[in-house]
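Below: the structure, in structure tokens.
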Amino acid sequence: MSIPSGSMRSSGAGYVARAGRAIWLSLLLPCLAFAHGLLLDAKHVGDRIEGTVYYTNGELAVREAVELLDLSSPGSAVVAGETDDSGKFNFPVTAGHRYRISAYAAEGHGVDIEIDAVANAKPRLIEDETAAEESDGLPPAWAVIGVLLLASIVPVVISRRRRVAGSNASR
């Protein structure tokens, strides 16, 4: 059986190129999933808490669900609302109370903050605290898998180069 001299090299290079594209795509897809999160900004103004909900890409979160819970009154009911056409919301509040505001988007994104109904109060993101407590110091699984996939290409590339170098030397 006769194999043309260039056929192994071109098919090997094509395989490596296709594998490289597949690996980069597998590494990119998880990043795209995280690229569209939900953000919430709120402030206490008079007898209300006002805020805006938007996506990490800057787009306003229009007509998305927003909930307010009075943390200072045990057993208080959740007050449900919705952002308007400008991504804004507002709820009446009691001065001096602490509130949790939760926003949810149709795509499954969500964000929670806590804020005190006092002048110049700054909202505090709840997810950061929870994530820090739950973190075990290990990298995310998708990052480990991506590194392993990239590392698995190295032996293939080296063996192909040796094979090509060996066939060129024997000519």
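A short reminder: the numbers here are calculations on the coordinates, not readings from a lab. Everything numeric in this text was worked out from a predicted model, so none of it was measured.
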Residue-ordered couplings for the range 84-90, obtained by feeding phi - 60° into the Karplus form 6.51 cos²θ - 1.76 cosθ + 1.60 and rounding to whole Hz (Gly and Pro as x), are 8, 5, 9, x, 9, 9, 7
Sorted by chain and number, the residues with a modelled amide H under 5 Å from that of Ser72, at a separation of 5 or more or across chains, are Arg98
Karplus-derived 3J(HN,Hα) from phi for the range 49-56 (6.51 cos²θ - 1.76 cosθ + 1.60, θ = phi - 60°), whole Hz, x at Gly and Pro, runs 10, 10, x, 9, 10, 8, 8, 5
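Give, in nm to one decimal, the length gained when the segment between Arg163 and Ala141 is fully stretched (0.36 nm per residue of separation minus the Cα-Cα distance).
Values: separation 22, 0.36 × 22 = 7.92 nm, distance 3.42 nm.
Answer, rounded to one decimal: 4.5 nm.
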Length-normalised contact order of the range 38-125, Cα under 8 Å, at least 6 apart, in percent, tallies to 32
Between Ile49 and residues 5 or more places away or on another chain, the pairs with built amide H atoms under 5 Å apart involve Phe91, Val93
